[in-house]
Amino acid sequence: MFSAVAKVFALLLVVLGAFVWVGNAITDLTGGEKIVTAFGEVDISPEGGEEIFWGKGRCYTCHSLGDRGSAVRCPNLGVFGEKFPLAIGARAEERARERTEKTGEDFTTTDYLVESLAKPDAYLVDGYKNEMAVVYAPPISLNADEIKAVIAYLQSQDGEFDMETLENPSEISAAYFRRIEAATAAGGGDPGEGQIVYEDNCSYCHILNGEGEEVGPDLTGVGLKGLAFLEEAILNPAKTITDGYETRVVVENDGRQTIGLLMRDDPDEIDIVKDTGDIVTIARADIKEITIDKTVSVMPSDIPEALTVKDFQDLLSYLMLQKQAPTEEGS
Ligand code: HEC
Ligand code: HEC
């Protein structure tokens, strides 16, 4: 009888020991910090955010917090001198209140902080230029959870840490988080820069939300097709030619060749739009044959060569944001 109890007790000790060992091993794996979980996820709390503010987020390279830190060129986020009587948590509350009064729309402290990070040019602190880093784009590349943690840290600077508004964001904050998530999903691009890349390289052939030229398919809502689709469509347009956009090769009686999309098909003449965007009108009487070439797309395959890696990531994050399905009249 006694020995049976002793055996159970010994077994318990072994099990307990194993737990302690596993626990230590996990702590070691994560650099001995409790703030980062075993899966590399950040803890959405003021402590988790503090870690990022003074580390990966590189906020400290531009901002000090009260007496902590040595950066002077950007707004101090703590209480500092006459210029900064309130720390950022309390300051954000005040700015949010001002905004609500001005616009009549409910704008929360969290909205203000999310906006400062997601779209820094939306509100410029008096006396400062639009030089705030896009912290969700390279080289900083914070993801949405890391940004939530930083916001928790900022909230806690003389304001209130409010997990509820981070977990269930308002429509304003949610839209910003979608922007950050799209950027992260596309390798950390900056959608704002991506729009410029798009306008320079794509809009003369595609319509997007009602704007641009109608050579290729309408790209409204194209983000719904996903990142893999977009990458392939841009890097290798000929591989998956969109139905109805097959490349025509028109050979005329005199041997001249015109390659492009058939844009107009009338009994007496046709219009072909070339990959330069130029439209060529050809009389039916002059045409010897029209064939379809499935190996080439009218969409140029050398566009990516003209883009830097950053341009390409920015472009993808911009396209990933296009998730509004086309409306009836818009397409
Ligand atoms: C390259 C320098 C730079 C980096 C890096 C940077 N910021 Fe900023 N930040 C600025 C500048 C400049 C402003 C003022 C202009 C503006 O309002 O956008 C600013 C404004 C802000 C504001 C608004 C302050 C106010 O008084 O309303 C917040 C909040 C903020 N930054 C947080 C952060 C956080 C958090 C990080 C790190 C994740 C960070 N910043 C990284 C330069 C930077
Ligand atoms: C010279 C005109 C032209 C330019 C410039 C051009 N495209 Fe295209 N694009 C087309 C044509 C034509 C198609 C349809 C044929 C095909 O699928 O390859 C197409 C297809 C696509 C598709 C597939 C759409 C779908 O729903 O199937 C995507 C995505 C796309 N283009 C994105 C872009 C982006 C992004 C750029 C700028 C980097 C760009 N295109 C520049 C002509 C162009």
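Computed from label points 7 Å out along Cα-Cβ, the spacing between Y204 and E105 is 3.5 nm. Helical content of the chain, expressed as a calculated mean residue ellipticity at 222 nm, amounts to -12000 deg cm²/dmol (DSSP H runs of 4 or more residues, -39,500 (n - 2.57) each, divided by residue number, nearest 500).
Please express the shape of region 247-293 as an equivalent ellipsoid: the semi-axes are the square roots of 5 times the eigenvalues of the C-alpha gyration tensor, given largest first in whole angstrom. Please list the in-between numbers first.
Working: eigenvalues 43, 30, 17 Å².
Calculated on Cα positions only, the semi-axes equal 15, 12, 9 Å.
The GluC sites (Glu not before Pro) found in region 262-331 that occupy coil by DSSP, while having at most 10 further C-beta atoms within 10 Å, are E328, E329. Placing +1 on each Lys and Arg Cβ and -1 on each Asp and Glu Cβ, with no other charges, gives region 247-293 a dipole about its Cα centre of roughly 100 debye. Put in line by how crowded their Cβ is, counting other Cβ atoms within 10 Å and starting with the fewest, M132, M263, M299, M320 read M263, M132, M299, M320.
Among the chymotrypsin sites (Phe, Trp or Tyr not before Pro) in region 77-150, those placed in a DSSP loop whose Cβ has at most 14 other Cβ atoms within 10 Å are Y123, Y128.
Which shape class, rounded, prolate or oblate, goes with region 80-174 when its Cα gyration tensor gives a ≥ b ≥ c as root eigenvalues, a/c under 1.5 marks rounded, and past that a/b bigger than b/c marks prolate? Since a/c stays below 1.5, the shape of region 80-174 is classed as rounded.
For region 281-328 and region 154-184, write down the distance between their C-alpha centroids in whole Å. Region 281-328 and region 154-184 have Cα centres spaced 37 Å from each other. Annotation for E252 and D158: the two label points, set 7 Å from Cα along the Cα-Cβ direction, are 7.6 nm apart. Candidate membrane-span-like segments in the chain, meaning DSSP H helices with Cα atoms spread over at least 18 Å of their own axis and a Kyte-Doolittle mean of 0.5 or above, are 2-29, with no membrane implied.
The coefficient of translational diffusion for the chain, derived via Stokes-Einstein from the alpha carbon Kirkwood radius under 10 °C and 1.306 mPa s, stands at 66 µm²/s.
Residue order for L86, L315, L235, L117, fewest other beta carbons within 10 angstrom first, comes to L235, L86, L117, L315. Check each of the trypsin sites (Lys or Arg not before Pro) in region 226-295 and keep only those in coil by DSSP with at most 15 other C-beta atoms within 10 angstrom; list them in order. When the trypsin sites (Lys or Arg not before Pro) of region 226-295 are filtered for loop state and at most 15 Cβ neighbours within 10 Å, R256, K274, K294 remain.
Cβ screening of the chain for cysteine pairs under 4.7 Å finds these without a partner: C59, C202, C205. The length gained on full extension between E214 and W54, counted as 0.36 nm times the residue separation minus their Cα-Cα distance, comes to 52.8 nm.
Each reported figure results from applying straightforward, stated rules to the coordinates on display, with no laboratory input. Values in this document were obtained by computation on a predicted structure and should not be read as measured data. Every residue, glycine among them, receives a Cβ derived from its backbone with ideal geometry; neighbour counts consider all protein chains shown.
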